[in-house]
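Asker: Provided herewith is a single structure, encoded as structure tokens, for subsequent inquiry.
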Amino acid sequence: MRAARGGAGRIELERVVYTHDRSRFATIKGISFALNAGESLGIVGPSGSGKSTLARLLLGLRRPTSGTVRLDGADIAQWNRDDLGAHVGYLPQDAALLPGSLAENIARLGPVDSERVVAAARLAEVHEMILRLPDGYETMAGGGGARLSGGQIRRFALARALYGDPQLVVLDEPEAHLDAEGQETLKTTLRALKARGTTVVVVGHRLGLMAQLDKIAVIGDGTLHAFGPAPAVLARSTGANVRSLSSQATGAKAATA
């Protein structure tokens with residue numbers, strides 16, 4: 001295990017607004033919060049609330065219409081793209097594998113560093129799964145490749161997100177397509193990332209995975225309804241579905257207006 005790495009991975013949002021092209025309506029509406037290096041955050045809310053858009057803003061894949069997203073003190077828009085790519089890992093909601101071997105996919109289709117590939121696979125708890133395939137790490141994926149289940153693709157894509165030991169990892173709906181075993185290994189991976197001092201952001205609908213995270217942000221209609229330590233935010237929920245939590249936060253906000 002290692003300690004948090006010199007403050008790497010701190011996130012700050014200052015009054016971030018995002019409006020899609022061709023739209024007059026903001027998807028993200030003045031969100032501000034900070035996450036220290038090595039902390040983990042769950043972003044929860046109903047479908048269409050802006051969670052995935054917020055995740056892309058955190059990674060610099062979208063630029064705010066106004067406001068600032070900072071990573072380690074610097075405006076993420078000013079980061080060198082190659083430096084930023086090595087600094088972050090991303091599991092998108094619609095993760096897919098591209099034509100190439102599993103090793104090439106995990107290495108993000110760049111030069112394959114076998115030690116790093118195996119390290120990422122072990123961290124994602126898929127090393128043994130890969131070894132059970134007839135061609136192991138040389139198994140071909142993508143069009144014309146091996147027939148892989150949705151859960152397998154999701155877990156191999158997680159290994160890709162962890163390749164190179166990024167300081168910030170953003171996982172959008174990481175539980176999608178996973179069976180019970182996959183969900184348990186995901187929790188193991190999150191604990192390992194915490195021990196490494198990696199900053200982790202998890203986007204989801206339900207709260208089952210969120211209890212082991214440090215903080216939770218509740219998003220509704222593009223606004224931040226609640227933000228704080230996970231136990232305190234979860235205590236306000238009456239059920240597993242985040243819609244109940246989000247509606248409570250909205251009501252509390254109205255009551256204090």
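Asker: Leaving out ligands and nucleic acids, note down the accessible area per residue over the chain with a 1.4 angstrom probe, in whole Å². Intermediate results must be reported in sequence, preceding the final value.
Answerer: Numbers: 12060 Å² over 257 residues.
With the other protein chains kept in place, the chain gives 47 Å² per residue.
Asker: By how many degrees, 0 to 90 and rounded to 10, does the Cα axis of helix 180-196 deviate from the longest principal axis of the chain?
Answerer: Around 80 degrees separate the two axes.
Asker: Okay, moving on. If you average 1/r over all unlike Cα pairs in the range 119-210 and invert the result, what Kirkwood radius do you get in angstrom? Mind dumping the intermediate values first?
Answerer: Numbers: mean 1/r = 0.0727 Å⁻¹.
Taking the inverse mean of 1/r over all distinct Cα pairs, the range 119-210 comes out at 13.8 Å.
Asker: Tell me which residues come under 5 Å, amide H to amide H, from GLY42 once H is placed; ignore anything under 5 positions away on its chain.
Answerer: VAL202, LYS215, ILE216, ALA217
Asker: What whole number of Å gives the distance from the Cα centroid of the range 106-138 to the Cα centroid of the range 7-32?
Answerer: 35 Å
Asker: I've got another one for you. Of all the accessible heavy-atom surface of the chain, with the other protein chains kept in place and a 1.4 Å probe, what percent is carbon and sulfur?
Answerer: Values: 6120 of 12060 Å².
Of the solvent-accessible surface of the chain, carbon and sulfur hold 51 percent.
Asker: Between exposed trypsin sites (Lys or Arg not before Pro) in the chain, where DSSP calls loop and at most 16 other Cβ atoms lie within 10 Å, what's the longest gap? Let's see the in-between values first.
Answerer: On the way: sites that count: ARG2, ARG5, ARG22, ARG24, ARG132, ARG147, ARG236.
That would be 25-131.
Asker: Relative to the Cα centre, what is the charge dipole magnitude of the range 2-96, using +1 at the beta carbon of each Lys and Arg, -1 at the beta carbon of each Asp and Glu, and rounding to the nearest 20 debye?
Answerer: On the way: 13 positive and 9 negative charges, 49 e Å.
Using only the charged Cβ atoms, the result is roughly 240 debye.
Asker: At 4 °C and 1.567 mPa s, grab the translational diffusion coefficient of the chain from Stokes-Einstein with a Kirkwood Rh over Cα pairs, rounded to a whole number in µm² per second.
Answerer: Values: Rh = 18.8 Å.
In µm²/s, the coefficient rounds to 69.
Asker: What relative contact order, as a whole-number percentage, does the range 1-102 give when Cα pairs under 8 Å and 6 or more residues apart are counted?
Answerer: Working: 129 pairs, mean separation 30.4, N = 102.
The value is 30 percent.
The values are calculated or read from the model by the stated rules, or taken from the named source; none is laboratory data. As the structure is a computational prediction, the values presented were derived from the model and not from experiment. Note that we place each Cβ from the backbone using ideal geometry, even for glycine, and neighbour counts take in every protein chain shown. The accessibility values were calculated without ligands, DNA or RNA, using every heavy atom of the protein model including side chains. Shrake-Rupley method; radii C 1.70, N 1.55, O 1.52, S 1.80 Å.
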